[in-house]
C-alpha cells in the first residue's frame, strides 16, 4: 500500500485529503453529539431535594412504549409564578411557562422507526433499572449531552442473549 | 374449489398495452399545519380512539378513529354501532385521504374571471359572507326571495336537510332540493301504499331472496349493513341455507354471491316481475287471505258509478304469460316458472328491487311490479318480509313566524316543478330544474347554493346543467374540494371534511331499525374552513332578524343537542353500548331491549358522543292501517293515488275529455291506456334500432358516487376485481367480443347517439351477450390531482332520459355500438 | 408456543375488498402510480383473486382474498441468500427489510405470489405522511415486502398480556383485515390452542388449503362449501 502511494504522489494527495475530510466530518458530527439542552436541567437536585422519582416526570415510563420527556404542563405543577431557587435555569423555565411555549428539548436516546422499543416491556415487565441504559442520572447536575449507551442492534442483542430473552427478529423489527 | 398454480401466476402478469395516463404528482409543499407535523414526529405517542360517523357515502356507518397524540392515523368500524357492527368498506378506510387531501380548499375562494376559468383569489370569511348576505337582503327588499335556490346533494336523512329547509323557509324560498334520488325513489310506495318511505327487508328470517337488480351488497343505501346480514345468512352453524337469486344484466357483487344469477335485458325487470306474478296467480301460490282482505284492485272491480275496472289479475293473466315475458326479457320461460314456484313455495320469501329496476325510464312502473310480488306473498309486517321503520323521537326545529316577504316567496311555484305534465311524482327533477332556469320560467334564479354531491359530474344533461350554472349570477358552493360543479361557483365557502365537523344522521334508508348517529370532530379543523351548517346560521343572522329567529342556536352543535334532548326525554331505545354484539341475533328475533337509564341529559349526551349513537331495536308491529295510507286503506294494485294525480293533471291542462286525457298520457310517454295505466305494468324503454348493444353503468364499493376519486388509495384499488387500477374498463362477453374482433385489454370505442368514449375492453363471461358495462366514478375533469384525467365517465354518452314518473336519471336506457380502437 | 393462523370463510366473504384497504392503511403500503400499475407493479399485501367457473349463463364468480400464507414450510426462506425472510418460532414468516438485498429470489419461489417489490422509493404527498401509521416502518426502494399478519400488533398484544401476567386471549391479536371484515369472514388465532376459533374451523369439513400438494403447509386455511 505504502509502495503504491509512493509511486503515485497524486493518489497520495487524494488519500490524505480524504483522511482530513473524514477527520473534519468526525469532529463536526462529534460536536453534534454534544447536545446542549435549552435548559440545563439538574436531575440531582430534583431527585434529592424535591424527592421526585423518575416516573413523576417521565410519566409513561412504566405504562407505555415511550417514556416521554416532560414539558411545561408537568413542570408548572411545581414551578408557578414564584421562583423556588436563584438558578438562572429556573428563570428560563418560568419564561417558557409564562409564554405557554414548549421547551424545545433535544432527544438524545432514539431508536430508528423500524424498531419497536417499549419502556413498559423493559422497565415494568423486565424489571430493568433505568440506570442500566441511562446511567446514574440521579447524580447528574446537568443534562447528559450524549447517550451513555447507544441503542444499536448489537447492544440490544447482546443484552437480550445475556438475559436469555427472545432475540427473534419480529420481536423488535416492524 | 381447486385453484391451480397458474391462477396465482395470472395475478403476476401485468397489463401489456401502454395507456397514456396523466402525471402522478406529489406535492412538495407541506400544507398541513406545522404543529401537526411536529407532533407526529416528536409526540409521546399516546393512543386514543374516538367514535364518529363515516361521511364517505350516505350509508352512515359508525367508525372508530385511532389517534396518536390527537392525529388520526387509522380507522376501523365501530363494533357496537348497529348499522355496520364493526364492518367497513374500502371507501371508509380511505377517509384519512379526505382529511389530509392536498387538494382541499383551505380558505374561502372568490373566482376571478369567467366561470370555469379555474382562477381563484382568497377572500376573508367575513367579506364572503357579507357579499352573499347583501345580495340576499337585496332580493328580499325587492320581494324576490324565491329567486334563491339550494341544491343539497346529500342523500342522508338527518338534521342538515331540516336545517337548510328551515333557513330557506324563513328566508322565503320554496327552492330547497335534495338532488339525491332518495325521495324520488319512494314514488312506487307512495302509489301502492301511500307511504313516503323506502321499505326495509327482513332478509335474516327469509328463506328465499329474489332480487330484481338490487345490488344491495355494493350499490345499495347501506352495503355494509347488508353484508353483515349476508354473512349471518351464510353462517352454516345457524340457519338452514337461505337461497339468494339475483336478476341482473351483469354479475354484480351481489350476483357473484347469490346462489343463482339470472341474466336479463336492461329495462325489462318489470315485465319479468309480472311474468312471475302470472305463475303465482295461475298456480294459486299467493296469499289468499291478504289479497282478499287487505288489497284493492286485484280482481276486476266496479266503482260507485257502476263502471267496471280492470283488475291486476286479469291484466297479468292476459298480458304476461311466461312465453311472452321471455321474449321481452330474454329469461327462458322455464326459468320464470322455476323461480316463481320457488318463490311461492318458500316460507318465507321476499322480493327486492333497486338499481337495475329503477334506473330506467320505466323505473317507477317496474318497481311497482316488483313490489306487487311482495303483496301477492302477503309480506307486510311478516317475519322474513317487508317492513317500515319508525322515525326516532327527535325534536323538530322550533316553530317560527315567517314574515310577509317570506310568506310571499314561499307561495311561489317551486322552480324544479315541471311546467308541463312531466314527472308528476318527482320531488326533484334535474331536467325540469335546468330547463326552467334556462328559460327564466316561471322566474329567474339569482343565487344558487350547492352543498355536497357534485351534481354536474353525475347528471345526464351535463351541457344544459353547466349552462344553468353559468347563467345564475351568484353560485355559492360549500364543497371542501373544487369539483366539476364548483368550478362554476363564484364563491366557495369550504366546509369541514366529515372528520372535522358536527352532524347528526338518522335512519339510513333500508336499514331495519330506528337509529341516530352523531358525527363529531376527531381533529381540530386543519384549515380555515367552517361547517356549512354554522355558515348558514351566520348568514341568517346577517340577513334579517326574522330569518335569524328561525335558527336560534349559537352553533350547529347546540342545535344537535337541542334535537337529541327529546330523544333523552322520550326514554325510548338506548345508547349503543358494548355487549350488544351477542344480542344482535336476539334483537333480530324481536326480543325485548332493556332501556338505558341516565341521570341527566348531560350524562346522556356525554355517553352518546362517546359511543357514537342511539338506536331502538324494537320493531313495532304495525297495523295494516298504518302501512296502507291509500284512499282504500289497503294495498292498491290499482293505484287510486296515481289515478287522482293523472286526473288532476288533466284538469289543470284543459279539463277532462278523451282527447285531453290522451294528450296527457302521451306527453308522459305512457304507452298503455285505460285502467292499465294505474296498474303495475311494463313500459318498453324507447331504444335505437340501429344500435346493437345495451350500455349500462354500475358503481363500485371503492368509489361509490364518484366522490372517492380524489383519494389515491381508492383510485389504485378502483378495479381490483378485474385488476384495473386508476382506470376504467368495459365489460364485454367473450362471445360478443369475438363477434367484433375485440381482444382482452385492447382499447375499444363505444359509440352512442350522444357521443363516444374510448375504454379498455375486459372480457367477462359474467355479462349478457347483448350488454356492455362501464363502471361509474372515474373520468373527472376536475376534483384534484388524483381524480382529474384518470379513466372515463360513462355518463357522458348516456341519453338525456329520465324516469317518466319520478324524474330519476335513466342510466340503462342507452344503446351503443362498439369497435376496436386502432 | 402459539402458532398463528388465519381462516378465511369463502362462503361468507363477499369480495368487497375492505381487507385490502384496511391492510394498505394499517401497513403504510405504498400507493403505486398509474404508469407503474400498468407494469403490474401494484402493491397489495392482501390481494383479491377472481375465479370464474362455468359457461354462460351458468357462470359462477368467486372472489378469494389472498394474504401471505405464512407457510410452515415456506419456499421463500430457502432461497433467501441473506436470511432476510425467515420463519419465527410462532410460525410467522417475517421479512426484515433492512436485511433484504432485493434479489427477488423469494418472489420467484413463492407459489402464491404473495410478495411485492419496491421498484421505486415509495412516494407520499407530504400531507398524507402525517397520517401514516407510526407502528409500521416505511420500506425503501429495492426491498421485498409482504403481509406480516400485522406482526407489529402482536408486539403490543404480547406486551399487554405480559404486563398483566396472562396468556394472549383468543381474538386479542387480530390483523387489520380480520378486524375490519364486514362479513366476519376472516378469523385469526392460535392453531395450537384447541379452544380457539381457528383451531375448530381448521378441522371443519369445509376446510382446504391452496396448492396443498406442494407441501408448503400454508397457515391460511380456506373454508368453502363449493367443490
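Coordinate-derived values only; no laboratory data. Keep in mind it's a predicted model, so treat the numbers as computed, not measured. Cβ coordinates were reconstructed from backbone atoms using ideal geometry, including for glycine residues, and neighbour counts include every protein chain displayed.
Per-residue shielding of B:324-333, expressed as the average number of other chain Cβ atoms within 10 Å of the residue Cβ, stands at 0.
What percent does the relative contact order of region B:200-387 come to when contacts are Cα pairs within less than 8 Å and at least six residues apart? Here the relative contact order equals 34 percent. Our note on the geometry: Cα centres of region B:511-550 and region C:139-183, 39 Å apart. Once the Cβ-Cβ distance of residue B:626 and residue B:413 is raised to the sixth power relative to R0 = 41 Å, the FRET efficiency obtained is 0.80.
With viscosity set to 0.692 mPa s at 37 °C, what whole-number translational diffusion coefficient in µm²/s follows for region C:4-223 from Stokes-Einstein and a Kirkwood radius over Cα pairs? My calculation gives 179 µm²/s for D.
Starting from the Cα coordinates of region B:238-391, work out the convex hull volume and express it per residue in Å³.
It comes to 155 Å³ per residue, whole-number rounded.
Look at the stretch C:46-55: the mean tally of other chain Cβ atoms within 10 Å of its residues' Cβ atoms is 4. Region C:18-67 and region B:697-760 have Cα centres separated by 16 Å.
Want the number for residue A:132 to residue A:90: 0.36 nm per residue separation, take away the alpha-carbon distance, what's left? Show your work: numbers first, answer last.
Working: separation 42, 0.36 × 42 = 15.12 nm, distance 2.91 nm.
Full extension from residue A:132 to residue A:90 adds 12.2 nm.
Relative contact order of chain C, taken over Cα pairs closer than 8 Å and 6 or more residues apart, is 31 percent.
For region B:693-820, the Kirkwood hydrodynamic radius comes to 14.8 Å, computed from all pairs of different C-alpha atoms. Placing pseudo-labels 7 Å out from each Cα toward the beta carbon at residue B:572 and residue A:99 gives an inter-label distance of 5.8 nm.
Secondary-structure-derived ellipticity at 222 nm for chain C, considering helices only, amounts to -5500 deg cm²/dmol, per-run term -39500 (n - 2.57) for DSSP H runs with n ≥ 4. Give me the distance between the Cα centres of region B:597-617 and region B:356-429, rounded to whole Å. Centre-to-centre (Cα) distance: 31 Å.
Shape analysis of chain B places it in the rounded category; the axes a ≥ b ≥ c from the Cα gyration tensor give an a/c below 1.5. Legend: P(r) of region A:47-174 from all alpha carbon pair distances, 10 Å bins from 0, whole percents, reading 10, 37, 31, 16, 6, 0. For region B:137-202, the calculated P(r), taken from all Cα-Cα distances in 10 Å bins from zero up to the bin holding the longest distance, is 20, 37, 29, 12, 3, 0 percent. Using the Cα gyration tensor of region B:422-516, with a ≥ b ≥ c the square roots of its eigenvalues, what is the shape: rounded (a/c below 1.5), prolate (a/b larger than b/c) or oblate (neither)? The shape class here is oblate.
Name the shape class, rounded, prolate or oblate, that the alpha-carbon gyration tensor gives for region B:91-176, where a ≥ b ≥ c are the square roots of its eigenvalues, rounded holds for a/c under 1.5, and otherwise prolate holds if a/b is larger than b/c and oblate otherwise.
Numbers: a/c = 2.44, a/b = 1.26, b/c = 1.94.
Oblate, because a/c is 1.5 or more while a/b does not exceed b/c.
Peptide C:19-29 has a mean of 6 when you count, residue by residue, the C-beta atoms of other protein chains within 10 Å of its C-beta.
Find how much the distance from residue B:317 to residue B:69 grows on full extension, using 0.36 nm per residue of separation minus their present alpha carbon separation; answer in nm with one decimal.
On the way: separation 248, 0.36 × 248 = 89.28 nm, distance 6.87 nm.
Here the answer is 82.4 nm.
The packing ranking of peptides B:457-467, B:179-189, A:72-82, B:732-742, highest mean first, is B:179-189, B:457-467, B:732-742, A:72-82, where packing means the average number of other beta carbon atoms within 10 angstrom of each residue.
Relative to the compact globular guide of 2.2 N^0.38 Å, what is the alpha carbon radius of gyration of region B:360-470, as a ratio? Spell out each step's value before the answer.
Numbers: Rg = 19.6 Å, N = 111, 2.2 N^0.38 = 13.2 Å.
In units of the 2.2 N^0.38 Å rule of thumb, it is 1.49.
Based on the Cβ-Cβ distance of residue B:673 and residue C:58, what FRET efficiency does E = 1/(1 + (r/R0)^6) give at R0 = 60 Å, to the nearest 0.05? Calculated transfer efficiency: 0.90. For the protein assembly as shown, the antiparallel share of DSSP beta bridges with both residues in that region comes to about 60%. Taking every DSSP bridge with both residues inside region B:693-820, close to 60 percent are antiparallel.
Given a Förster distance of 51 Å, report the FRET efficiency between residue B:327 and residue B:758 from their Cβ-Cβ distance, rounded to the nearest 0.05. All intermediate terms of the calculation are to be shown ahead of the outcome.
Values: r = 35 Å, r/R0 = 0.68.
The formula returns an efficiency of 0.90 here.
Site pair residue C:121 and residue A:49 shows an inter-label distance of 5.0 nm when each label is modelled 7 Å from Cα along Cα→Cβ.
Counting helices only, and only those DSSP H runs with n ≥ 4, report the 222 nm mean residue ellipticity of chain B as the sum of -39,500 (n - 2.57) divided by its residues, in deg cm²/dmol to the nearest 500. It would help to have the intermediate numbers written out before the result.
Working: 29 runs with 257 residues, N = 822.
Dividing the helical sum by the residues of chain B leaves -9000 deg cm²/dmol.
Computed on the protein assembly as shown, the Cα convex hull volume stands at 219 Å³ per residue. Neighbour counts of other Cβ atoms within 10 Å put B:377, B:151 in the fewest-to-most order B:151, B:377. Between residue B:142 and residue B:689, the modelled label-to-label distance comes to 5.3 nm, taking each label 7 Å out from Cα in the direction of the beta carbon.
If packing is taken as the average count of other Cβ atoms within 10 Å, what order do B:760-767, B:795-802, B:689-696 fall into, highest mean first?
On the way: B:760-767: 22.5, B:795-802: 20.2, B:689-696: 17.9.
Peptide ranking by packing, descending: B:760-767, B:795-802, B:689-696.
Could you please rank B:790, C:56, B:387, placing first whichever residue has the fewest other Cβ atoms within 10 Å of its Cβ? Mind showing how you got there, number by number?
Numbers: B:790 22, C:56 15, B:387 19.
The fewest-first ordering by Cβ neighbours comes to C:56, B:387, B:790.
Highest mean first, the peptides B:603-615, C:118-130 sorted by other C-beta atoms within 10 Å per residue fall in the order B:603-615, C:118-130. Based on Cα contacts under 8 Å between residues 6+ apart, chain B shows a relative contact order of 18 percent.
Considering only beta bridges that DSSP places wholly inside region B:443-572, some 40 percent are antiparallel.
In terms of other Cβ atoms within 10 Å, B:437, C:64 run from fewest to most in the order C:64, B:437.
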